[in-house]
Amino acid sequence: EDWRRRVERIGNRHYPAEARARGLYGSLELVVTLRDTGELMNVRIARSSGSPLLDQAAIDIVRLGAPYPPFPARLAQEYSSLEVVRKWSFTTAHRLDGS
């Protein structure tokens with residue numbers, strides 16, 4: 001949940017100006033792989049929004065947030081990395097929503 005909120009904050013600060021100007025909106029699904037140290041290992045589109053601009057903006061936003069906080073100790077003992085699959089929406093209100 002902390003990770004989602006962080007990406008949303010960054011996404012709303014860096015909402016793509018071209019998408020705002022052109023009135024683009026849509027949803028996509030990202031697959032993000034994080035190392036236990038918080039390092040971003042990989043980010044890719046699992047399901048496109050249909051807009052290359054929005055897809056690339058979502059990838060760029062996740063990259064801007066890196067590195068992320070390290071995993072909590074208990075989680076890091078079990079996993080050296082995690083793959084997070086999440087739906088993100090660029091809304092008509094010019095917001096990034098990960099809920």
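The values are calculated or read from the model by the stated rules, or taken from the named source; none is laboratory data. Not measured: the values here are computed from a predicted model. All Cβ positions, even for glycine, are placed from backbone atoms using ideal geometry, and neighbour counts span all protein chains on display. Just the protein is used for accessible areas: all its heavy atoms, side chains included, with ligands, DNA and RNA removed. Shrake-Rupley method; radii C 1.70, N 1.55, O 1.52, S 1.80 Å.
Before moving on, here are some points about what is shown:
- Once the chain from ALA21 to ARG63 is taken as fully extended at 0.36 nm per residue, the excess over their C-alpha distance is 12.8 nm.
- Per residue, the solvent-accessible area of the chain (1.4 Å probe, heavy atoms of protein chains only, all protein chains present) comes to 59 Å².
- The chymotrypsin sites (Phe, Trp or Tyr not before Pro) of the chain that meet both conditions, a loop assignment by DSSP and at most 14 other Cβ atoms within 10 Å of the site Cβ, are TYR79.
- Cα Rg, Dmax (largest Cα-Cα span) when computed across the range 16-69, Å: 12.3, 38
- Relative compactness, the range 41-99, computed as alpha-carbon Rg over 2.2 N^0.38 Å: 1.33
- The slack in the chain from THR92 to LEU40, taken as 0.36 nm per residue of separation less the alpha-carbon distance, amounts to 15.8 nm.
- Calculated FRET efficiency for the pair SER48/ALA76, C-beta based, R₀ 25 Å, to 0.05: 0.15
- Here the chain exposes an accessible surface that is 48 percent carbon and sulfur, computed with a 1.4 Å probe and the other protein chains kept in place.
- A probe of 1.4 angstrom, applied to the heavy atoms of all protein chains, finds ASP2 with accessible area near 110 square angstrom.
- Summed residue charge, Cβ within 15 Å of VAL32's Cβ, Lys/Arg positive, Asp/Glu negative: 0
- Each Lys or Arg adds one and each Asp or Glu subtracts one; over the other residues with Cβ under 14 Å from the Cβ of THR92, this totals +2.
- Fully extending the segment from VAL85 to THR33 would add 17.8 nm, taking 0.36 nm per residue of separation and subtracting the current Cα-Cα distance.
- Normalised convex hull volume, the chain, alpha-carbon set, Å³ per residue: 81 Å³
- Computed helical MRE - 222 nm, the chain, DSSP H runs ≥ 4 contributing -39500 (n - 2.57), nearest 500: -11000 deg cm²/dmol
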